[in-house]
Amino acid sequence: MTPTLLRAEGLTAGYGKMPILHDVTLEVRVGEMVSVIGPNGAGKSTAFKTMVGFVHATSGRVVFDGQDITGLRPDQVLPRGLAYVPQGRIVFPEMTVLENLEMGAYIERDGARIRESLERVYALFPVLSQRMGQKAGTLSGGEQQMLAIGRALMTHPELILLDEPSLGLSPKFVSLIFDTLAEMKRAGYTLMVVEQNAAKALAVADRAYVLELGRNRFEGTGAALLADPDVKRLYLGG
Amino acid sequence: MARWLPAGLLVLLVLLALYPMHGTGYGIRTMLQLFMWIALAQSWNLISGLTGYVSFGHVAFFGMGAYTAGILIGTLGWPWLLACLAGGVMAMVLALVIGWPCLRLKGPYFAIAMLGLNEVLRVIVSYYEGLTGGGNGLSLPTLHASVPIYYAMGLVALSVTALTYVIVTSRFGLRLMTIREDEVAAEAMGIDTFRYKLYAFLLSAVGPGIVGGLAARDQGYIEPTSVFPLITTITMIVMALFGGKGTIWGPVLGAVLLFTFQELVWARFIYLHQLLFGAIIITVVLLMPRGILGVLQQKYNLPRTI
């Protein structure tokens, strides 16, 4: 089994005095694709925000690549090789596609490495190379999501956290985004994905967690959870 | 364009530096005011044009500088240049006090807080009569220093513009622009947006602080209504918007065009001038939100560093 890349252990966190997560544990190993599913309000996004440092954990710890990153700020966590793609396909609308990608590499000083990252992103998302000079705000929703992911890849991350990448996209683009995730996994990226689209998220995942009301409810391989009668009844609408 | 720009600028600077030797008293004071507007519009651009955090109370820094310098010169007998620099420092301190809490928040809170700040300062200054002279104002000892003030104003305008150039072409500037474009995305990339917004804000306060002190020295008399007027904030915003916010030369262009226009129209039609200002705001917002330079950049595909 490959080594653990990130482990969040016993996380309790929330906004103000209201706790959202209760003792949540999530783990991802090198090369894995892990999905986190669950209904609205399950704490999926909060779990990601806590791991990256936007929300402070009141207890528990986060270990990334052997280092304890609990309580660090996002600007301290993200340069360590963790990339975070927030919900809502957020791009810099007035900048071109190329400028958006270059911004993604803003911590990188080596021009050759930036070009290399660009090549990899264009290989993964050929449509972005065709739209290079176009303003990001004029792309379609699915293309903007690809750009948001591509921008996160520009820093050579070891782990990519994606929050609801298929949210609000047309069915055609939802499928395209999941194909993309599978493609990224084949290309060797380690991924952790929060998704509402449970069936598709389980189908592409090596392993998955089901959260409910801020607690771990089920976990297992994607295939096992997909076949589990309880998961099926509760989350897959069947 | 990039080739003749530096040479043209150099010639212009030399001409401006030589001007006081030949210019009339009126001409020198007019130019000095133009420099003041360039410094103000350009400073506003640093925070609002680059990060998108609109300051509706930038004149507060101007007033802070004016009163700091006024009190230091009037009651403590400081040399005016030093007092004006102290005005810049105090404006920065004020920016820190207001920016520290307000810039932690995203969105329009900052704009509203800045609007309030200016009103609050004006009341405070009116209230503490012992120090500020209150509503009676503060008179400074007579001094004929138009020429040195001309150079000082010019230097501030030049410095703020040079600073803008340095910022826009740096990584710091890129970070500021990502905040303007989308702050959530900037944070998701690991940019500590609060810190960079605060830096930009502090830098944007220095120029108005110094310029406020210089204006106080130039006029020899200040009162709350003359150094905290909302119209000053509006004028610097309009100049920056008209010329092109977020660009290096836009605020300079806007200040030159509108100030010239104002000088020509002001003398004859006092009310018409305000009406026209309003009309310009509406026209710019509706028809060319990027300002003159923004439109030119787009049309002729000019680099961002113009």
* Structure fact -> Non-local residues with an amide H under 5 Å from the amide H of A:ARG29, with H modelled 1.01 Å from N and Pro and chain starts lacking one, are A:LEU5
* To do: Only Lys, Arg, Asp and Glu count, each charged at its Cβ (+1, +1, -1, -1), so figure out the dipole size of the protein assembly as shown about its Cα centre, rounded to 20 debye.
  => 580 debye
* **Unit charges at the beta carbon, dipole of chain B: most positive-side option, B:LEU174, B:VAL125, B:GLY57** => B:LEU174
* For B:LYS197, list the aspartates and glutamates whose Cα falls under 16 Å from its own Cα; do not include residues on the same chain fewer than 8 positions away. => A:ASP75, B:GLU181, B:ASP182, B:GLU183, B:GLU187
* **Distance between modelled label sites at A:LYS232 and B:VAL295, nm, 7 Å Cα→Cβ extension** => 6.5 nm
* Asked: Label-point separation (nm) for B:LEU276 and A:GLU119, each offset 7 Å from Cα along Cα-to-Cβ?
  -> 5.9 nm
* **Alpha carbon centroid spacing (whole Å) that separates the range A:174-238 from the range B:259-306** => 55 Å
* Asked: On average, how many beta carbons from a partner chain sit within 10 Å of the beta carbon of a residue in A:67-79?
  -> 2
* Structure fact -> From the Cα centre of the range B:38-111 to that of the range B:215-244, the distance in Å is 12 Å
* Asked: Which value, in debye to the nearest 20, gives the size of the charge dipole of the range B:32-228 about its Cα centre, when Lys and Arg are +1 and Asp and Glu are -1 at the Cβ?
  -> 260 debye
* Structure fact -> To the nearest 20 debye, the range A:11-112 has a Cα-centred charge dipole, built from +1 on Lys and Arg Cβ and -1 on Asp and Glu Cβ, of 440 debye
* To do: Identify all aspartates and glutamates with a Cα-Cα distance to A:LYS44 below 17 Å; exclude those on the same chain that are fewer than 8 residues away in sequence.
  => A:GLU9, A:ASP23, A:GLU27, A:ASP163, A:GLU164, A:GLU195, A:GLU212, A:GLU219
* **For B:175-185, mean number of other protein chain Cβ atoms within 10 Å** => 5
* **Which of A:GLN67, A:SER170, A:ALA187, positive extreme of dipole for chain A (C-beta unit charges)** => A:SER170
* Structure fact -> Between the modelled labels at B:VAL147 and A:SER175 (7 Å from Cα along Cα→Cβ) the distance in nm is 8.1 nm
* Structure fact -> For the A:ARG29, A:GLN134 Cβ pair and Förster radius 41 Å, calculated FRET efficiency rounded to 0.05 is 0.60
* Asked: In the protein assembly as shown, with Lys and Arg counted as +1 and Asp and Glu as -1 at Cβ, which of these residues, B:GLY134, A:GLY43, B:THR24, has the Cα nearest the positive end of the dipole, that is, farthest along it?
  -> B:THR24
* Give me the lysines in straight-line cross-link reach of A:LYS172: C-alpha distance below 16 Å, same-chain residues under 8 apart excluded. => A:LYS200
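What is the Cα radius of gyration of the range B:32-228 over 2.2 N^0.38 Å, N being its residue count?
Details: Rg = 16.9 Å, N = 197, 2.2 N^0.38 = 16.4 Å.
Rounded to two decimals, the normalised Rg is 1.03.
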* To do: First measure r as the distance between the Cβ atoms of A:ASN216 and A:ILE107, then evaluate 1/(1 + (r/R0)^6) with R0 = 35 Å and state the FRET efficiency to the nearest 0.05.
  => 0.55
* Work out, step by step, the length gained on full extension between A:SER59 and A:GLU183: first 0.36 nm times the residue separation, then minus their alpha carbon distance; give nm to one decimal. => 41.1 nm
* Size of the protein assembly as shown along its principal axes in angstrom, Cα-based, largest extent first? -> 89, 52, 40
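Read-outs throughout are calculated quantities, based only on the coordinates presented, and are distinct from any laboratory measurement. From a predicted model like this one, the values you see are computed outputs, not experimental measurements. Don't worry about glycine lacking a Cβ; one is built from the backbone with ideal geometry, like all the others, and counts go over all protein chains shown.
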